[in-house]
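Below: the structure, in C-alpha cells.
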Amino acid sequence: MMGTIYLVCASVLWGAMHSLLASHTVKGALRRAVGAPAFDRLYRFSYNLFALSSLFPVALMLITFPDRPLYSIPTPWVYLTIILQGLAAIMLIAAVVQTGPFDLLGLTQLTAVGQSKPAALVTGGLYAVVRHPLYTGSLVLVWLIPGMTVNRLALFTVLTLYTFIGAWFEERKLLKDFGAAYAEYKARVPMFIPKIANPKS
C-alpha cells in the first residue's frame, strides 16, 4: 500500500514539473535568462531529456515495488485489445511522422543555424479527425494492457488525469499563440475521440 502511495506521489510530482516547465511563464523566464537564440535551440531537446530522465524513477518504482494483480483480459477478448493497441501504436507513429520526429525531439531546433522558424498550426492528416492523436493513442495503449495491477492502475489513473489537465493547459497556450485559427479548429475537431465522418483539414 505504501509503495502505491509513493508511486502516485512521484508521478504527480513528475506531471507537475512537466507542466510547469512547459508553461509560458517559465519558458519566458528561461528565454530572458539564457537569451532567445540559445533558448530556442536548446529548450525542446532539454525539456524532452528532462521529462524522460525524470520518468525513470517512476518506472523503477512501478517495476520494483510490491504489487498485486487486479485482472487479466481473457481470451478471446485479449486479441481484440491487442488489435486496438496495434492501431493506437500506428496512430502514434503516424502522428509523430506528421508532426516531424526531429522537431518533436528538439533535434531540428538544436542544430538550427540562425533564427528559428515560428511554429505552425497542424490541422491536416490525423489532426483533421482528432486534436490530440498522441494523447489518444497513448491512453488506448495503457488502458488496454492485458494485465492490470494495483500499481499500474494507480499510475495510469494519475497519468490520465495529467493528460486531460495538460491538454487543457496546452490548448490555452495554443489559443494564445494562434488565436482565431485555433478557436475555429477547436470548434470543428474533437479533442480525444476521433471524428470518423467527413474530416476537414
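Please treat every number below as a calculation from the coordinates, not as lab data. Computed from a prediction, not measured in an experiment: that's the story for all the values here.
Angle of helix 77-99 to the longest C-alpha principal axis of the chain, folded into 0 to 90 degrees and rounded to 10: 10°.
Where does the chain land at 222 nm, in deg cm²/dmol rounded to the nearest 500, when only DSSP H runs of n ≥ 4 count, each adding -39500 (n - 2.57), divided by all residues? Provide the component values of the computation, followed by the final result.
Working: 9 runs with 142 residues, N = 201.
It lands at -23500 deg cm²/dmol.
Any idea what angle helix 24-34 forms with the longest principal axis of the chain, computed on alpha-carbon atoms, 0 to 90 degrees, nearest 10? Helix 24-34 and the main axis of the chain meet at about 60 degrees. May I have the convex hull volume per residue, in Å³, for the Cα set of segment 1-144? Once divided by residue count, the hull of segment 1-144 is 136 Å³. Can you give the angle from 0 to 90° between the axis of helix 2-22 and the longest principal axis of the chain, with both taken from C-alpha atoms, to the nearest 10? Relative to the chain, helix 2-22 is tipped by roughly 10 degrees.
Using the Kirkwood radius built from alpha carbon pairs, what does the Stokes-Einstein equation give as D for segment 74-201 at 37 °C and 0.692 mPa s, in µm² per second?
On the way: Rh = 16.5 Å.
Roughly 199 µm²/s, to the nearest whole number.
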